[in-house]
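What follows is a set of notes on a single structure, which appears directly below.
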Amino acid sequence: MNFDTTKPHPARVYDWMIGGRENFPADREAARKILELNPDGRRSFVENRRFLGRVVTHLVGQGVRQFLDIGAGLPASGNVHEIAHAIAPDTRVVYVDHDEIVLAHARALMAGSDRVRIVAGDARRPEEILDEPVVRNFIDWSQPVGLLMVALLHFVSDEEGPARIVAAFRDALPAGSFLAISHGGVEQWGEGWEERKERVRKASQAYLRTREEIMGLFAGFDLLEPGLVDLARWRSADSDPAPTGLYGGAGRLSAGA
């Protein structure tokens, strides 16, 4: 296994932010730089994990029994399969990530599970993921799929084409499938957001976008209520949660998309 622990990785930064232990000094330093820019940033990471839980719970309630989690990150509490299996034990989950540390930990954690698979793949090359034998054969492509891109696409530059990536997966999904996205936004900063956006990019490798830009990633999907909102507000039991600066939403594949 070859990986460089001297460079921060988004999955390990995320792990540190939510209280995990699978991170290294470079990841912790990057996390501290993010917190200098946004002292409340750690709560945003925690709320993102809660958003994932609410999304999976809702989609299982809608009858979804298989999930494709792209950019799954390090295994931590509240994984997709744990949430889904607590409601519907027959749910299948395929995790996809390109980081070797993530893959090693995931494989160790999921060893022996006949309902979970872990696949190496880079979201920037969606066709390769879709052609991967496990993805092609473990997922039943005649039945709805829950496609999860949680805290993923803001690590994809404009040049790499986040909309292109989503469209490639969308075109492979069967009728009745769903897409869930969470993504860092910029509107919460008001004036001066462009300069701050660049500082965040340098500190965290994240390409934050406007709400309108993020909305465009749902092309071909009908957004579920309450639409694309601050993710702390998405189907939350808290009537007035503090904003996180992250947008979250889920949509159902449109008829004829």
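Tabulated data
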item	result
Simple spin-label estimate for Arg201 and Lys7 in nanometres, 7 Å along Cα-Cβ	1.8
Shape category assigned to segment 123-178 from the gyration tensor of Cα positions, a/c cut at 1.5	prolate
Neighbour-count order for Arg252, Arg28, Arg12, Arg117, fewest beta carbons within 10 angstrom listed first	Arg28, Arg252, Arg117, Arg12
Point-to-point label distance, Ser142-Glu225, nm (Cα→Cβ direction, 7 Å offset)	3.4
Spin-label proximity, Leu109 to segment 39-58 - amide N less than 17 Å from point 7 Å beyond Cα toward beta carbon	45-57
Ordering of 5-11, 21-27 by burial proxy (mean other Cβ atoms within 10 Å per residue, highest first)	5-11, 21-27
Three-way shape label, segment 209-257, alpha-carbon gyration tensor, a/c 1.5	oblate
Rg to Rh, two decimals, where segment 100-145 supplies the alpha carbon set and Rh follows Kirkwood	0.99
Spatial separation of Cα centroids for segment 209-237 and segment 1-63, in angstrom	20
Ellipticity estimate at 222 nm from DSSP helix runs (n ≥ 4, -39,500 (n - 2.57)) divided over the chain, nearest 500	-11500 deg cm²/dmol
Three-way shape call for segment 46-188 based on the alpha-carbon gyration tensor, with the a/c threshold at 1.5	rounded
Extension reserve of the Leu35-Asp171 stretch, reckoned as 0.36 nm per residue once the Cα distance is removed	45.2 nm
Gaussian network model of the chain, Cα within-10 Å springs - most flexible of Ala88, Ala31, Ala237	Ala237
Segment 238-257 versus segment 137-166: alpha-carbon centroid distance in Å	16
Normalised contact order of the chain, rounded percent, pairs of Cα under 8 Å and 6 or more residues apart	18
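Rule-based calculations on the coordinates, nothing more; no lab input. All values reported here derive from a predicted model rather than from experimental measurement. When we count neighbours, we look across all protein chains shown, and the Cβ atoms used for this are built from the backbone with ideal geometry, even at glycine.
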